[in-house]
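Notes for the one structure printed next.
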Amino acid sequence: MLVDPGHGGPDSGAIGPNQTYEKDNNLAIALALKDVLEKAGAKVLLTRDKDVSIVNDYSELNDLQARVDLANNNNVDLFVSIHNDSFGKPEVHGTSTFYDSRNPKSNESLHLANSVQNAFIDIIETQNREVKQAPLYVLGNTNMPAILLETAFISNPYEEARLQNPTFQKNVAAAIFHGIFNYYKNPIPES
Ligand SMILES: [Zn+2]
């Protein structure tokens with residue numbers, strides 16, 4: 001499986017009101033998720049394991065394509081991208097999970113998105129902003145079931161502080177792990 005901490009290096013991702021960077025939160029959660037997945041016996045690839053750009057000649061498209069290539073070239077079974085959400089109104093908070101109907105495994109992607117979103121809301125108890133379909137580059141161009149998780153809003157001061165907390169980061173990783181576990185345990189519902 002491939003775990004993709006969004007952004008990195010010159011691309012900070014969203015920046016919180018206290019000048020924290022999304023790229024750092026994504027990496028911490030991804031490292032914790034890799035740890036829990038490996039303890040359960042999974043083979044895990046990361047797109048990055050430190051604060052770097054994953055391409056030499058950084059551009060947004062090169063960066064996203066490199067993430068897609070890593071997943072497709074290694075035939076990973078799942079693609080899980082970790083992000084923080086951000087919005088102009090600081091009171092907005094909560095968690096959403098995206099899938100892309102263009103993905104060739106979109107039914108499986110939806111099942112994975114539902115499994116992870118439900119486990120996340122059960123365990124972390126953030127506001128449920130639901131599973132959403134959107135044309136996102138890394139989800140539409142990967143060949144395997146793929147989701148992108150917006151764990152919490154870095155633009156919300158309370159969630160910004162939580163995202164920095166190592167205990168919260170570990171709990172988020174555990175919740176995502178439970179969602180992945182349920183994905184494999186439960187058959188895909190009939191549509
Ligand atoms: Zn992001």
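Only the coordinates and a few stated rules stand behind these numbers; no lab work does. Predicted model, so just to flag it, every value in this text is computed and none were measured. Virtual Cβ from ideal backbone geometry, glycine too; neighbours counted across all protein chains shown.
When region 2-185 is described by a simple charge dipole with +1 on each Lys and Arg Cβ and -1 on each Asp and Glu Cβ, the residue from Ser106, Ile15, Phe168 located farthest towards its positive end is Ser106.
Approximating the spin labels as points 7 Å out from Cα along Cα→Cβ, the Asn143-to-Asp69 distance works out to 1.5 nm.
For region 2-185, lysine pairs with C-alpha atoms less than 15 angstrom apart, excluding pairs fewer than eight positions apart on the same chain, total 5. Label-to-label distance, Leu61 versus Asn128, with points set 7 angstrom from Cα along the beta-carbon direction: 3.9 nm.
With θ taken as phi - 60° and the Karplus curve 6.51 cos²θ - 1.76 cosθ + 1.60 applied, the whole-hertz 3J(HN,Hα) list for region 18-26 is 9, 6, 8, 10, 4, 4, 6, 5, 4 Hz, x standing for glycine and proline.
If you take the square roots of the eigenvalues of the alpha-carbon gyration tensor of the chain and sort them as a ≥ b ≥ c, do you get rounded (a/c under 1.5), prolate (a/b over b/c) or oblate? All intermediate terms of the calculation are to be shown ahead of the outcome.
Details: a/c = 1.40, a/b = 1.12, b/c = 1.26.
Note, shape of the chain comes out rounded.
Only helical runs count toward this figure. For the chain, summing -39,500 (n - 2.57) over DSSP H runs of n ≥ 4 and dividing by all residues gives -14000 deg cm²/dmol at 222 nm.
Counting each pair of different Cα atoms once, what's the Kirkwood radius of region 124-191 in Å, rounded to one decimal? Spell out each step's value before the answer.
On the way: mean 1/r = 0.0703 Å⁻¹.
Roughly 14.2 Å, rounded to one decimal.
Specify the inter-centroid distance of region 90-130 and region 13-37, based on alpha-carbon positions, in whole Å. Region 90-130 and region 13-37 have Cα centres separated by 18 Å. Taking label positions 7 Å along the Cα-Cβ direction at both Asp77 and Gln164, the computed distance is 3.8 nm, reported to one decimal.
Counting only other residues whose beta carbon sits under 13 Å from that of Gly179, what net charge do I get with K and R as +1, D and E as -1?
Numbers: positive: Lys185; negative: Asp122.
Summing Lys/Arg as +1 and Asp/Glu as -1 gives 0.
Sequence-distant contacts, meaning Cα pairs under 8 Å at least 6 residues apart, place the relative contact order of the chain at 28 percent.
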